[in-house]
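The next block holds one structure in the form of structure tokens; read it before the comments.
The values are calculated or read from the model by the stated rules, or taken from the named source; none is laboratory data. Not measured: the values here are computed from a predicted model. Note: ideal-geometry Cβ built from the backbone for every residue, glycine included; neighbour counts use all protein chains shown.
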Amino acid sequence: MVSFVGSAMSPAVSICKSNSVASSSSSSYMKTFFPNFDLGKPLLLRSLTNRKDKWTVCACVAPPRDYKAADSDRVPNTKFNESVKSENVSLLREPKDDSDVLIECRNVCKSFGDKHILRGVSLKIRHGEAVGIIGPSGTGKSTILKIMAGLLAPDKGEVLIRGKLRNGLVSDEEISGLRIGLVFQSAALFDSLTVRENVGFLLYENSAMPEDQIAQLVTETLAAVGLKEVEDRLPSELSGGMKKRVALARSIIFDTTKDVVEPEVLLYDEPTAGLDPIASTVVEDLIRSVHVAGEDALGKPGKIASYVVVTHQHSTIKRAVDRLIFLYEGKVVWQGMTHEFSTSANPIVRQFASGSLDGPIRY
């Protein structure tokens, strides 16, 4: 199965990785939640929501079934000691004014079977922030990212989008049109489609733009992430770093004929996983470049108000984010600015930063 970047305003949809039909394991899930969705049709993603004042697209994820993801592979046996419990988890003073909060999670809990992944996570993502979610493997980082994107519903707790409660996987109609893009760890490109077709996929399927105009926009967007003359290649002909950049281009392309176009929050799940140090640096710099405070490869202002990066990489922590949220055993145990990370007194954070085998984190 493969997950495709989309809007947090949209329902979750399960699709096949191949350019064929929806998988049988997802059929009952789709028929239950989306009875009008044509499962027998070749894989062409359709808009499930068309409102007069908003345009949204699908976000796709496989339904949880006998779930065994990276976050659930390991549930540490270690418990918080009193010194960790009593330590203030945040070095930051929360502003009293929440008018700039785009996404907020309140006491979010999530389990898969008997595996408790999130145990009361609360956090806020504000306009203009570059936030990193870090921590050991299996502590719920990717899970909270998918909940923020609207691809998973929490078992308990609340997710607010611009101060308005999101209900389940499908946002209620009063939620404002905050557009959230999610870039998956695997890049999640369609193997049978060209780079042009991958990047322009949603526009070809959901917009009224002429195909030649979409093709030109795809070329410009690829150039903005440092890729040229790759439009006709297949994903199998690309390096790992190039695939990551194609996925990034797909997440920031938008319909220029619509009033509400720019993705306001981008979520990255392990964007540098599996890349060599040089390719990692390229991707880290690109993440910064599309942020509203920076410029892209063409020297144009970025269009992203905020972004969140899930990562294990110390280089990504140093280069790509400004504020950190540390998850351990499904809880937020520390928050702080990037420059405070290596000097934290929290023993969990200190062990993670140093890579030491001695400390409360056990593998």
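Structural remarks
- All positions within region 190-207 that are assigned to a loop (DSSP other than H, G, I, E, B) and at pLDDT below 85: 207
- Strands (runs of 3 or more DSSP E) within region 248-363 that include 3 or more residues modelled with pLDDT of 90 or more and closer than 23 Å to residue 120 by Cβ: 306-310, 323-328, 331-337
- Residues within region 327-350 that are over 28 Å from residue 112 (Cα atoms) and over 23 Å from the mean Cα position of the chain (by Cα), tallied: 9
- Residue within region 125-137 that is surrounded by fewer than 19 Cβ atoms within 10 Å (Cβ to Cβ), touching a Ser or Thr at 6+ places or on another chain (Cβ under 9 Å), outside any strand (DSSP E or B) and at pLDDT below 95 present: yes
- In region 144-167, residue nearest to residue 126 (Cα to Cα) [restricted to those that are in contact (Cβ under 8 Å) with a residue 60 or more places away in the chain and outside any loop (DSSP other than H, G, I, E, B)]: 161
- Residue check, residue 270 without any contact (Cβ under 8 Å) to a residue 24 or more places away in the chain and either under 25 Å from residue 128 (Cα atoms) or over 18 Å from the mean Cα position of the chain (by Cα) (or both): no
- Among the conditions (1) at pLDDT below 80; (2) more than 22 Å from the chain's Cα centre (by Cα); (3) at positive phi, residue 187 misses just one, which is (2).
- Residues of region 112-124 that turn out to be buried (at least 16 other Cβ atoms within 10 Å of the Cβ) and in contact with a strand residue (DSSP E or B) (Cβ under 8 Å, 6 or more places away or on another chain), as a count: 7
- Single residue of region 190-210 satisfying the filter (among the hydrophobic types (A, V, I, L, M, F, W, C) and more than 13 Å from residue 231 (Cα to Cα)) that is surrounded by the fewest Cβ atoms within 10 Å (Cβ to Cβ): 208
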